[in-house]
1. When the chain is modelled as a GNM with alpha-carbon springs shorter than 10 Å, which of 119, 15, 93 fluctuates the most?
2. At 0.36 nm per residue, minus the direct Cα-Cα distance, what do residue 32 and residue 79 gain on full extension? Give it in nm, one decimal, please.
3. Filter the trypsin sites (Lys or Arg not before Pro) in segment 1-99 to those in DSSP coil with at most 14 other Cβ atoms within 10 Å of their Cβ, and list the result.
4. Name the longest site-free stretch of the chain, where the excluded sites are chymotrypsin sites (Phe, Trp or Tyr not before Pro) in a DSSP loop with no more than 12 other beta-carbon atoms within 10 Å.
5. Relative to the longest principal axis of the chain, what angle (0 to 90°, nearest 10) does the C-alpha long axis of helix 8-30 take?
6. Taking only C-alpha pairs under 8 Å that are 6+ residues apart, what is the relative contact order of segment 1-106 in percent?
7. If you take the alpha carbon radius of gyration of segment 68-116 and divide it by 2.2 N^0.38 Å, what ratio comes out, to two decimals?
8. Student exercise: in the chain, how many lysine pairs 8 or more apart or on different chains have Cα atoms under 21 Å apart?
Amino acid sequence: MAKQPRTWGIFICQLSLAIYFVVTAICLITRVGSSISSAEINTVAALFGKAAPVISVLIGIILAVCGVMFAFKAFGIDFGKIDDYIKYVTIVLWIIITVITLIFYIKEWTSVLVLHWLLVLAKNALIIGSTLTIKNGK
C-alpha cells in the first residue's frame with residue numbers, strides 16, 4: 001500500500017486524535033475529570049449496569065492504545081498491521097458509541113437540544129472522518 005504523504009494537515013490530524021484519545025482514555029480509566037466524550041461513553045457503558053465501570057475502563061484502554069499508535073504514526077513510526085487493526089476497532093467502537101449517544105439525545109426536540117444533537121453528530125463525524133483519513137501502514 002502506498003505510504004501516506006507527510007503533510008501538515010495529516011500530521012495535525014494524527015497528533016490531535018492521539019491527544020484526544022489519550023485524554024479521553026485517562027478520564028475514563030481514572031474516573032477523574034471528564035473530556036468532551038467521556039460523559040457520552042459513560043452513558044453508553046451505563047447500559048451494562050454494574051459492569052459499566054469495567055466497560056468504561058476497557059474502552060479507555062482501547063482509546064489509549066489507539067492514541068499512542070496515532071502519536072507514533074504522526075512522527076513517522078509505523079507498526080504495520082497491528083495499528084491498522086487497532087484503528088479499525090476504534091472506528092467501529094466510536095460509530096457504536098455515536099449512534100447510541102445520538103439515540104439517547106432524542107428525548108425532547110427543543111431548539112437547544114436539536115443544536116446540541118447536531119454538535120454531537122458533527123464532533124463525532126469529525127473524529128470518525130479523521131480516523132478514516134489515516135492511511136494503513138506497511
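Any read-out appearing in this document is the output of simple, stated calculations on the displayed coordinates, not a laboratory observation. Just so you know, these numbers come straight off a predicted model, no measurement behind them. Here Cβ is always computed from backbone atoms with ideal geometry, including for glycine, and neighbour counts include all displayed protein chains.
1. Largest GNM mean-square fluctuation: 119.
2. 13.8 nm
3. Answer by residue number: 3, 6, 31.
4. Result for the longest clean stretch: 1-74.
5. With both axes taken from Cα atoms, the answer is about 50 degrees.
6. 32 percent
7. Segment 68-116 yields a ratio of 1.74.
8. Within the chain, the lysine pair count is 16.
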